[in-house]
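Below is one structure, written out as structure tokens; the observations come after it.
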Amino acid sequence: MVGHTVQVLLPFTEGIGPRTVRLVLRVEHRLGAAEARGRVESVRVERLASALTPEQGWYHSMHEAILLRWREGVYEGSAWLAQKGVEEAALWFAVGIAGKGLGFFATKGLEWLPRALSREPETAAGWLRNALKRLPQQEQASFEQLWSKVALEGEQALSRGEREALRSLFVRLEQLVQQPLDGDLKRELRREARKYYAKLYPQFAEALHIRNSELPIHHRRQLEHAHLFPDEDINAGANLAMVQKYVHDKISSLWGKFRKARPILVPPRR
């Protein structure tokens, strides 16, 4: 139990400046059970206001938010990452990257990635979550493994080869976000957009499920154009709108005319 508690506190070890962490952790272990169960009931960080800059404020608050996300159980950090997977861990990655000031990723040729990850953490997480979908499964797994090691143990825990491999993955992401989406990824992003919209607006969830094709989710900035805005999350809530099918058909018709008029800007649909 002591080991689990220490792992819960690990996210705070990369914090900025002096502070006191006050954590209420309720844990129970039933006789014969292989593992204990528990949850974080409350957590807050106390710090001297004079020692905190506005830029650091959101970083501290995000550490608190990370712990609150672990309400259903307290797990050793790497096990939590493995359980949630690379996409669910996007917020963790984004916060860790932003908290380190991107200095570790000061790699020549990176332009869009630092811009995307320097934004507000939830926004950065959304971008990273969808950007990672562009990587093949094997590279996603490598990214998850390497970055979880950085987040939990620090950059110094990486070997020289691991450090170079992680940098290479970010260079790869930088290149991929500037390339048009292929057909499979567009279909996946459409499915994710629909699920996200239902979560964002639960009052419409039932209608979206029942009426399905009658209520498509429209991307204000088309998926075909995602590569023209490489530092923006194409599936961000602000870019999504639920419309009736006949409205969506009219919008699609207008975009079809635009594609013919500007074929250089827009790749053919696949």
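Computed from the coordinates by the stated procedures, all read-outs in this text should not be read as laboratory data. Just so we're clear, the structure is a prediction, and the values are computed from it rather than from any experiment. Cβ coordinates were reconstructed from backbone atoms using ideal geometry, including for glycine residues, and neighbour counts include every protein chain displayed.
Sort the following peptides by mean Cβ neighbour count (other Cβ atoms within 10 Å, averaged over residues), highest first: 159-169, 204-214, 187-197. Can you show the working numbers first?
On the way: 159-169: 14.0, 204-214: 12.2, 187-197: 16.5.
Top of the packing list down: 187-197, 159-169, 204-214.
Whole-Hz Karplus values for the range 198-213 come out as 5, 6, 5, 10, x, 5, 9, 4, 5, 4, 5, 6, 6, 8, 6, 5 Hz, taken residue by residue from phi with 6.51 cos²θ - 1.76 cosθ + 1.60 and θ = phi - 60°; glycine and proline positions read x.
In whole percents, the pair-distance distribution calculated for the range 147-233 from its alpha-carbon pairs, binned every 5 Å from zero, is 3, 12, 16, 15, 12, 12, 12, 10, 5, 3, 1.
Modelled spin labels at Arg220 and Glu35, positioned 7 Å past Cα toward Cβ, are 4.1 nm from each other.
Taking amide H positions as modeled 1.01 Å from N, with prolines and chain starts lacking one, the residues under 5 Å from His218 and 5 or more places away or on another chain are Ala241, Met242, Val243.
Listed values for the range 109-119 are Karplus-derived 3J(HN,Hα) couplings in whole Hz (6.51 cos²θ - 1.76 cosθ + 1.60, θ = phi - 60°), namely x, 8, 10, 6, 4, x, 4, 5, 7, 8, 7, and x replaces Gly and Pro.
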